[in-house]
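Note sheet for the following structure.
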Amino acid sequence: MIPAIPPLSASAALPAPLVQSSGGTAASGFGQLLGQAIDSLQGVQTSASTQAQQVASGSANLGNAMIASTESLLTTQLAVALRNGAVGAVNQIMSTQF
């Protein structure tokens with residue numbers, strides 16, 4: 001029998017909208033959000049690597065390792081796509097003539 005797919009982790013949930021508080025700025029909020037996203041990406045990659053090592057030693061399920069590996073791949077691809085979009089937007093702003 002195939003085991004049920006576990007629910008999505010908290011790192012996969014959408015972030016709450018940024019609200020500027022009186023003590024902080026929007027830039028620090030964006031910086032914190034970006035740092036959390038990078039930490040989450042690193043956690044997903046570490047989990048996939050750990051599961052792959054466990055499969056190699058025979059102590060983990062291959063299916064779960066494949067799921068973790070695919071999640072890591074998709075998360076990395078999303079991060080790269082967002083980075084490329086941000087770089088493209090900055091380049092377009094910089095090439096704008098005033």
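What the table shows:
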{"quantity": "Residue list for region 47-98, filter: more than 28 Å from Phe30 (Cα to Cα) and aliphatic (A, V, I, L, M)", "calculated": "Ala52, Val55, Ala56, Ala60, Leu62, Ala65, Met66, Ile67"}
{"quantity": "Residue selected from region 72-98 under the condition touching a helix residue (DSSP H, G or I) at 6+ places or on another chain (Cβ under 6 Å) and either modelled with pLDDT of 95 or more or among the polar types (S, T, N, Q) (or both), by the criterion farthest from Gly35 (Cα to Cα)", "calculated": "Ser72"}
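The values are calculated or read from the model by the stated rules, or taken from the named source; none is laboratory data. Remember, it's a predicted structure, so these values are computed and weren't measured experimentally. Virtual Cβ from ideal backbone geometry, glycine too; neighbours counted across all protein chains shown.
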